[in-house]
Amino acid sequence: MIRFALLTWLIVGASTAGAQSLPERFMIDGVAADDVLNIRAMPDASSDIVGSFNPFDLNVEVLDQQDGWGRVGTGEGSGWVSMRFLAPNPVPANDIPRPLSCFGTEPFWGMAMYPRGAEYTEMGQDRRVLNLLRERAATNGYLIEAREGPTLTRTLIVTALSCSDGMSDRMFGMSATLFTDTPDGSYVQTGCCTMQVN
């Protein structure tokens, strides 16, 4: 009953959190095969280069747009790329994007969704394969329920809320709440999510 009440609260809270939407997903377009798309510190072509995308990258999350520039995450910070080198690569309706990586601290944890499966990691432990039980997509988030072994269930709620990992200057466009249910008790972890691979 407590688990159901928590999930209901999380879903209702996410749906009433305001007009925030999930980050838009783009792919690199118009960059030569032997070149890169520079990520600039500011939305200006003469600004310092703080990172780059490869010419065939697909999962570029744009968190904000300003004067033809898109704000993206890179490494431990954020930067800007010219929108003229990005083409829409939307997540199909009612689908959960893959790859999708969610992670948090205290302790460090990660849950990743791939085209061919899912896994959970925790600091100091081996990667654990997850058996997906249920996936639901909404306009402002996702719900993923997975089984780990015979008795442990992990329920991930992803919401369209700005998020910081607390350890870097990088901002993320999705927040995560992970509810873990075990025979010895349950616990909740929080963190951020991204579709980007770099």
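The values are calculated or read from the model by the stated rules, or taken from the named source; none is laboratory data. Everything numeric in this text was worked out from a predicted model, so none of it was measured. Please note: Cβ atoms are built from the backbone with ideal geometry, for glycine as well, and neighbour counts cover all protein chains shown.
Of all the criteria given as (1) out of contact with any Leu (no Cβ under 6 Å at 6 or more places or on another chain); (2) without any contact (Cβ under 8 Å) to a residue 24 or more places away in the chain; (3) within 24 Å of VAL62 (Cβ to Cβ), the one not satisfied by SER175 is (1).
Please indicate, with yes or no, whether at least one residue in segment 141-152 is of a type in the set (Gly, Ala, Ser) and farther than 30 Å from VAL50 by Cβ.
Within segment 141-152, one or more residues are of a type in the set (Gly, Ala, Ser) and farther than 30 Å from VAL50 by Cβ.
Output the residues belonging to segment 83-93 that are crowded, with 16+ Cβ neighbours inside 10 Å and either in contact with a helix residue (DSSP H, G or I) (Cβ under 9 Å, 6 or more places away or on another chain) or more than 21 Å from ALA160 (Cβ to Cβ) (or both).
First, pick out the residues of segment 83-93 that are crowded, with 16+ Cβ neighbours inside 10 Å: 83, 85-86, 89, 91.
Within segment 83-93, just PHE85 meets the criteria.
Can you give me the number of residues within segment 102-121 that are touching a Leu at 6+ places or on another chain (Cβ under 9 Å) and either surrounded by fewer than 19 Cβ atoms within 10 Å (Cβ to Cβ) or not assigned by TED's automatic domain parsing to the domain that holds ARG147 (or both)? Show your work before the answer.
Step one: list which residues in segment 102-121 are touching a Leu at 6+ places or on another chain (Cβ under 9 Å), which gives 102, 104, 109, 111-114, 117-120.
From what's left, either surrounded by fewer than 19 Cβ atoms within 10 Å (Cβ to Cβ) or not assigned by TED's automatic domain parsing to the domain that holds ARG147 (or both): 112, 114, 117, 119.
Selection size over segment 102-121: 4.
A quick yes/no check of all residues on (1) in the same structural domain as ASP165 (by TED's automatic domain parsing); (2) buried (at least 18 other Cβ atoms within 10 Å of the Cβ); (3) under 17 Å from the mean Cα position of the chain (by Cα):
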position: SER47; (1), (2), (3): no, no, no
position: LEU58; (1), (2), (3): no, no, yes
position: GLN65; (1), (2), (3): no, no, no
position: ARG71; (1), (2), (3): no, yes, yes
position: GLY75; (1), (2), (3): no, no, yes
position: VAL81; (1), (2), (3): no, yes, no
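Which of the residues belonging to segment 122-141 are of a type in the set (Gly, Ala, Ser) and surrounded by 15 or more Cβ atoms within 10 Å (Cβ to Cβ)?
The first filter runs over segment 122-141 and keeps only residues of a type in the set (Gly, Ala, Ser), leaving 124, 137-138, 141.
Listed by number, the residues that qualify are ALA137, ALA138, GLY141.
Of everything in segment 76-95 that is in contact with a Leu (Cβ under 9 Å, 6 or more places away or on another chain) and over 16 Å from VAL31 (Cβ atoms), the residue that is modelled with the highest pLDDT is SER78.
Okay, residues lined up against (1) surrounded by fewer than 18 Cβ atoms within 10 Å (Cβ to Cβ); (2) closer than 23 Å to ASN140 by Cα:
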position: ARG154; (1), (2): no, yes
position: ILE157; (1), (2): no, yes
position: MET171; (1), (2): yes, yes
position: SER175; (1), (2): no, yes
position: ASP181; (1), (2): yes, no
position: GLY185; (1), (2): yes, no
position: GLY191; (1), (2): no, yes
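For GLY70, state whether it is at pLDDT 90 or above, over 30 Å from THR180 (Cβ atoms) and in contact with a strand residue (DSSP E or B) (Cβ under 7 Å, 6 or more places away or on another chain). If you could, list the steps in order and put the result at the bottom.
Working: at pLDDT 90 or above: yes; over 30 Å from THR180 (Cβ atoms): yes; in contact with a strand residue (DSSP E or B) (Cβ under 7 Å, 6 or more places away or on another chain): yes.
The answer is yes for GLY70.
Counted as qualifying within segment 74-137 are the strands (runs of 3 or more DSSP E) with 2 or more residues that are in contact (Cβ under 8 Å) with a residue 40 or more places away in the chain and within 28 Å of ASP169 (Cβ to Cβ), namely 77-82, 86-88, 100-104, 109-114. Look at (1) assigned to a loop (DSSP other than H, G, I, E, B); (2) more than 23 Å from ARG25 (Cβ to Cβ) and you find that ARG147 fails only one, number (1).
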